[in-house]
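A short write-up of the structure that comes next.
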Amino acid sequence: MHILIAEDDAMNRDMIARRMRWEGFTISLAVDGSEALHLARTNMPDLILLDMGLPKQNGWDVARQLKSEEATRHIPIIALTAYALPEDRIRGLASGCDAYELKPIDFDRLMRRIHALTDGSATR
């Protein structure tokens, strides 16, 4: 299974990428919203882990664009963010994110969410 990780913080990106590789996933990495859009459209990942505070184009805009396009609207998006207010969660889900997970990341919970969104097709 292929996961696109869109995260601008190098330490977070590396930590998430290492964990996802350890779980057996193939990954692509994006450092900003524009790159996330490009990689989502060209690589067609099975799932996207999307930071909401990305530069160039924020995660809300990225999710909204991907969910508005026929070719990419089926890709599950999990928001990974430090924006913890209830209205942030509502905004994330309204923009098209399928799930909203807070940082610091609870990887056991995240893996359950990945499996649920991919109908168990995620390999471990």
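Using a simple spin-label model with points 7 Å from Cα along the Cα→Cβ vector, what separation in nm is obtained for ASP106 and ALA82?
About 2.0 nm separates the two model spin labels.
Spelling out what I want: for every residue of the range 98-106, take phi, set θ = phi - 60°, compute 6.51 cos²θ - 1.76 cosθ + 1.60 (Karplus), and round to whole Hz; glycine and proline get x.
Values, residue by residue: 8, 7, 9, 10, 8, 8, x, 6, 8 Hz.
Helix-only mean residue ellipticity at 222 nm, the chain, DSSP H runs n ≥ 4 weighted -39,500 (n - 2.57), per residue, nearest 500. What is it? Spell out each step's value before the answer.
Values: 5 runs with 54 residues, N = 124.
The per-residue figure over the chain is -13000 deg cm²/dmol.
Taking every pair of distinct Cα atoms and averaging 1/r, then inverting, what Kirkwood hydrodynamic radius in Å comes out for the chain?
Here the Kirkwood hydrodynamic radius works out to 14.0 Å.
For the range 21-35, just list the computed ³J(HN,Hα) in residue order, Karplus coefficients 6.51, -1.76 and 1.60, θ = phi - 60°, integers in Hz, with x standing in for Gly and Pro.
Using θ = phi - 60°, the values come out as 5, 4, 6, x, 8, 8, 10, 10, 10, 10, 9, 8, x, 5, 5 Hz.
Using the basic label-point model (7 angstrom from Cα toward the beta carbon), what is the HIS2 to THR118 distance in nanometres?
Those two pseudo-labels are separated by 1.3 nm.
Quick check on the exposure proxy: order LYS56, LYS103 from fewest to most C-beta atoms within 10 angstrom.
LYS56, LYS103
Provide VAL62, VAL31 in ascending order of the number of other Cβ atoms located within 10 Å of each residue's Cβ, fewest first.
Ascending Cβ contact count within 10 Å gives the list VAL31, VAL62.
Starting from the eigenvalues of the Cα gyration tensor, five times each then square-rooted, give me the equivalent ellipsoid semi-axes of the range 72-124, largest first, whole Å.
The equivalent ellipsoid of the range 72-124 has semi-axes of 20, 15, 7 Å.
Only the coordinates and a few stated rules stand behind these numbers; no lab work does. Treat the numbers as computed from the prediction; the structure is a model and nothing was measured. Glycine gets a Cβ as well: all are built from the backbone with ideal geometry, and neighbour counts include every protein chain shown.
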